[in-house]
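Report on the following structure.
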C-alpha cells in the first residue's frame, strides 16, 4: 500500500488502460480503426509519462504516419480514410462538454449533439464515400442515430460481458451472445429495408477536388478562410454531375478491355465488355494472412472501375495465388456466377470445361481447357484456359487474348493437337503466360503456334523463379514484346478498337526495376 501511495497514479493506470485497449483492438480484428485507437492511446500515454503536451490533431497525424509505416498499402483502403477523417471531424467539432442539468436535459442535449455530429460527418465524408464507393449514404444520419446507441450501449457490452463470464457460466454467456446476435440481425433487417444509397457513376476530378477543398475550408480554424468560399467549391460539383467523363474506369471505345491487375505473385484479370464484367482469378491470400490481394488490390480496382456487381468470376484453379482473393470479392460484391475447375469455398460453382462458349456484346469467350475426360493433370494443369475474341474489325481481323492460368506443358501439348485438327484455335494477339512465365510451360512450339505479338506476365518484384530466364529468351528469339506487372503495374489491353490491341501500362517502367534480367 505504501508503494502504491508513493507511485503516481498515471504510472499504474496508463499501462492498464493501454493493455485493455490493445486487447480490445485484437479482439476486434486489428483493422485500421482499431490500429488508430491503439496508436493514439499509446502516443497520448507516452506523452503523459514524459510530462509533455501535444495537440490532439498532431497525435492523430502521428498515428496516421505510423499506420502507413506499418502497412503502406493501407492508404488504398477506404477504412483508413473513413476512420482518420471521421476522427478529425470529431476533434474539430467536439469543443464543449454537455451542460449541467437533469438527466432528461442531459439526454436531450446528448441526442442533439449526436445529431449535429452525424450530420456534419455525413456531409464532410461525402468526398471519401464518392471516391471509394461512388455513392452517397442518404440515410446514414438516421441509421447512426439508432445504430450507435444500440451497438455502443447494448450489443458490444453484452458481447464483452459474455466473453468475461463464459469460463465460469457458459450457459448465461451463450444467452447473452444470442441476444446480441438477435439485435444485430434486427438492425441488419432495418438497413436492408432502407434505400440507403444513391450511386454516381461519373465521379469526376472536378467533383472530388471541389468537395475536398470545401471540407478542408470547413475543418480549418474559424478566421483562417471565409466559409463563404465553400459555395464556389461546391458549385462545380453540381455541374460535374451533368455528364462529365468519369475519373475511375476511364471510358474506352474498344469492345473489350482486359486488365491484368498488379497483385504480385498471383493473378487477377478484370474483363469488361460494354455491358458485362467478369473477373478471372482474384489474387493471392495465404491462410495465415489477415488480408490478401482481394482486399488490398482487387476490391479497390473494382471500385475504381465503377464495378459493383460481377456477371461472372472464373477461378482458374484452387491454388491460393489465384483463388485466395475470391473470398473477399464474394463477401463484398454480388457475383452472379462462379466457375472453376473444382468447387471452391462452399459456394455454388459451375465447373469450367472445354467447349464452353458464351458471347457478351459481340465478344466471344471460349473455355479451351480442362477437358471432360478428366485427363490426369496436376492442379496447375487443371486451370481453366480462356480465349477472348473481340468482334471482327473492318479488315476482318479478330483481336484475341489467351489466358492460361497456371497451365503448363501437358496442357499446351494437348491444345496443340486440337489446334492442328480444328485450326486457328490458339492464334492470339496477346498471350498471358501460364504459371507466371515459369519454364514448366511456354514451350517453343506453343509460342510459335500462338504467335502472340505481346506476352503478359503477372509476378512479384525480385522474384528469382518467375519469369524463367529460359522463357524470356524464347520470347526474345520470337520478337514477342513482354509486358510485366513488375515493370509496368496493371496491364490494360483494349481489344478490337481503332487498333487491334491497344496497350496501356499503369506506370512507365522505372529504371531501378529494369536492372534485373536486363528488362
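To keep it simple, each residue is scored yes or no on (1) in a strand (DSSP E or B); (2) assigned by TED's automatic domain parsing to the domain that holds residue 352; (3) at positive phi.
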| site | (1), (2), (3) |
| --- | --- |
| 264 | no, yes, yes |
| 269 | yes, yes, no |
| 281 | yes, yes, yes |
| 285 | no, yes, no |
| 298 | no, yes, no |
| 303 | no, yes, no |
| 308 | no, yes, no |
Quick count over the stretch 481-495, residues being part of a loop (DSSP other than H, G, I, E, B) and surrounded by fewer than 14 Cβ atoms within 10 Å (Cβ to Cβ), is 0
Just to be sure, is residue 301 under 22 Å from residue 407 (Cβ atoms) and either at pLDDT 90 or above or crowded, with 19+ Cβ neighbours inside 10 Å (or both)? no
If we scan the stretch 473-480, do we find a residue that is at negative phi and part of a loop (DSSP other than H, G, I, E, B)?
-> yes
Over the stretch 388-416, the set of residues in a loop (DSSP other than H, G, I, E, B), crowded, with 17+ Cβ neighbours inside 10 Å and touching a strand residue (DSSP E or B) at 6+ places or on another chain (Cβ under 8 Å) is 390, 398, 399, 404, 405, 407
Residues of the stretch 419-468 being more than 27 Å from residue 297 (Cα to Cα), touching a residue at least 40 places away in the same chain (Cβ under 8 Å) and out of contact with any helix residue (DSSP H, G or I) (no Cβ under 7 Å at 6 or more places or on another chain), in sequence order, are 450, 452, 453
Scanning the stretch 51-73 for residues that are within 29 Å of residue 8 (Cβ to Cβ), in a helix (DSSP H, G or I) and touching a helix residue (DSSP H, G or I) at 6+ places or on another chain (Cβ under 8 Å) gives 56, 57, 59, 60, 62, 63, 66
Reported set for the stretch 474-504 where residues are over 17 Å from residue 272 (Cα atoms) and either within 30 Å of the chain's Cα centre (by Cα) or at pLDDT below 60 (or both) is 481, 482, 483, 484, 485, 486, 487, 488, 489
Sole miss for residue 339 among (1) in contact (Cβ under 8 Å) with a residue 40 or more places away in the chain; (2) buried (at least 17 other Cβ atoms within 10 Å of the Cβ); (3) in a loop (DSSP other than H, G, I, E, B) is condition (3)
For residue 427, the lone unmet condition from (1) in a helix (DSSP H, G or I); (2) surrounded by fewer than 23 Cβ atoms within 10 Å (Cβ to Cβ); (3) modelled with pLDDT of 90 or more is (1)
Every listed condition ((1) in contact (Cβ under 8 Å) with a residue 12 or more places away in the chain; (2) within 22 Å of residue 440 (Cα to Cα)) holds for residue 378 save (1)
Note: among 333, 401, just one is closer than 22 Å to residue 309 by Cβ and either at pLDDT below 85 or under 27 Å from the mean Cα position of the chain (by Cα) (or both), namely 333
### Message
Could you go through the stretch 447-463 and let me know if any residue there is assigned to a helix (DSSP H, G or I), assigned by TED's automatic domain parsing to the domain that holds residue 402 and surrounded by fewer than 21 Cβ atoms within 10 Å (Cβ to Cβ).
### Response
yes
Checked against (1) under 25 Å from residue 74 (Cβ atoms); (2) surrounded by 13 or more Cβ atoms within 10 Å (Cβ to Cβ), residue 331 satisfies every condition except (2)
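The values are calculated or read from the model by the stated rules, or taken from the named source; none is laboratory data. This structure is a prediction, so every number in the text was calculated from the model and none was measured. Cβ sites come from the backbone with ideal geometry, for glycine too, and all protein chains shown count toward neighbours.
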